[in-house]
Amino acid sequence: MIKDFEFRPVSISRLLIRIVLLMVAILTSLSFLSLFISPQTTVIFQWVGVLLPALLGVNFLFFIIGLYKRSWYSICPLVALLANFHYFTKVIQVNSVGQVETAEIRFGSYNVREFKMIYNLSSMQQIASYIESQKVNTLCLQEVPADCSALELKRAFGQFHYLVRTGSKSGNNQLAILSKYPLDSVHTVSFGERPNCALFADLSLKGEKIRIGNCHLQTTNWNQVKGDLLPADNAMFKWWNAIKTMSENFRLRGGQADYLKSLMDKSPFPTLMCGDFNNSPNSYSYHKIKGNLKDAFCEAGNGYGYTYNNLMKLFRIDFVFFSGAKFQAVNYRTGSVDFSDHLPVLVDFKIN
């Protein structure tokens, strides 16, 4: 009888591993909340969205180890992986390529990084030549330098007959929309006196109007803060400041997304919205601005989708959304060029 009441010693290390496994699985499973909970309410889930590739990797590792050891705990990471099926469809796609010869709009969106390549060499002419080789007829540019005049853009991108931009009076980088089709009803959207903004213009094609939107949401500031994190002195303080800065930028992007969406909802025309969102597809800004629009990558992309060259090429932060009732994306691709820290996003559209 005494043996029936014997207690087995508890392995503290094993217990801690199981607790960590369970917490990581729960956190990963709740990543979908980053789509719905505004960062102005809490930024926790936005951080989960950014760290999701790493969290998925850890869960996959736990799942393989659990299978090897035949532990029922492998169910937890499996549930976490399955709960993020919505994310996998936004970063991995297999689509057939349509007949691009019939595409009425050959569209491009590109953050040109102030037309600066490595060692700050000018990339304007290279980018213009590349865009022309891709037969793009409508182009949205982000981070056009403030000192770049309309005349310089017209000279470089001579294939486009129409050009609108946000202007450089503020001394901040500009947005530009260029097209071979007429553009009118130009409207610049400012975000609370911050340098980032958006630009809308109506494109005329075959007697119909299409509203083109180009935006550059609040930067992450990662490139600015990462250099301060390397020195060992005051490491904790510097990391805390970096997290606070990036968290505040999550909140700013959330407010910008809300404002942009309110303007987009008032559009009387089919919409084609693009830009550098500085956020992943598992973010509030992505979900809010996309709304009922379609994501060109999900509709016509192939393989693993990324548009940012840094951070191990894990992130797609440049998007093209469109009204599904009016447009059909027949081909989506990113250019294999190194003129910027972003890749150009190229989409061919048929008009229904």
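The values are calculated or read from the model by the stated rules, or taken from the named source; none is laboratory data. Keep in mind that this is a model prediction, so the values were computed, not measured. Positions of Cβ are generated from backbone atoms using ideal geometry, with glycine treated the same way; all protein chains shown enter the neighbour counts.
Laid out as a table, the results:
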quantity	calculated
Among (1) more than 23 Å from Asp341 (Cβ to Cβ); (2) part of a loop (DSSP other than H, G, I, E, B) - the single one Ser280 does not satisfy	(1)
Every pair of residues 6+ apart whose Cβ atoms lie under 7 Å, when the first sits in region 244-258 and is at positive phi and modelled with pLDDT of 95 or more while the second is outside any helix (DSSP H, G or I) and crowded, with 22+ Cβ neighbours inside 10 Å	none
Selection status of Asp233, assigned to a helix (DSSP H, G or I) and either at pLDDT 95 or above or acidic (Asp, Glu) (or both)	no
Condition broken by Lys288, with the remaining ones in (1) part of a strand (DSSP E or B); (2) basic (Lys, Arg); (3) farther than 23 Å from Val144 by Cα satisfied	(1)
Subset of region 260-284 that is under 16 Å from the mean Cα position of the chain (by Cα) and of a type in the set (A, V, I, L, M, F, W, C) - its residue that is nearest to Phe322 (Cα to Cα)	Leu272
Any pair with Cβ under 9 angstrom, 6 or more apart, that starts in region 291-314 at a residue that is at pLDDT below 95 and ends at one that is of a type in the set (Asp, Glu)	Asn309/Asp338; Asn309/Asp341; Asn310/Asp341
The listed residue being crowded, with 16+ Cβ neighbours inside 10 Å, hydrophobic (A, V, I, L, M, F, W, C), under 30 Å from Ser204 (Cβ atoms) and out of contact with any helix residue (DSSP H, G or I) (no Cβ under 7 Å at 6 or more places or on another chain), out of Leu293, Leu252, Leu263	Leu293
Of all residues making up region 315-349, the number that are surrounded by fewer than 18 Cβ atoms within 10 Å (Cβ to Cβ) and either in contact with a Gly (Cβ under 7 Å, 6 or more places away or on another chain) or aliphatic (A, V, I, L, M) (or both)	2
Exclusive hit being within 18 Å of the chain's Cα centre (by Cα) and surrounded by fewer than 19 Cβ atoms within 10 Å (Cβ to Cβ), set Ile118, Ile44, Ile92, Ile65	Ile92
Qualifying residue in region 307-314 (condition: touching a Gly at 6+ places or on another chain (Cβ under 8 Å), not charged (D, E, K, R) and not in a loop (DSSP other than H, G, I, E, B))	no
Helices (runs of 4 or more DSSP H) lying entirely in region 20-126 (those with 2 or more residues that are touching a Phe, Trp or Tyr at 6+ places or on another chain (Cβ under 6 Å) and farther than 28 Å from Leu343 by Cα)	75-83
Qualifying residue in region 167-174 (condition: closer than 21 Å to Leu343 by Cβ and either surrounded by 21 or more Cβ atoms within 10 Å (Cβ to Cβ) or assigned by TED's automatic domain parsing to the domain that holds Asp202 (or both))	yes
Of all residues in region 315-352 being assigned to a strand (DSSP E or B) and of a type in the set (A, V, I, L, M), the one that is farthest from Ser283 (Cα to Cα)	Ile351
Residue check for Lys154: within 24 Å of Asp265 (Cα to Cα) and assigned by TED's automatic domain parsing to the domain that holds Met273	no
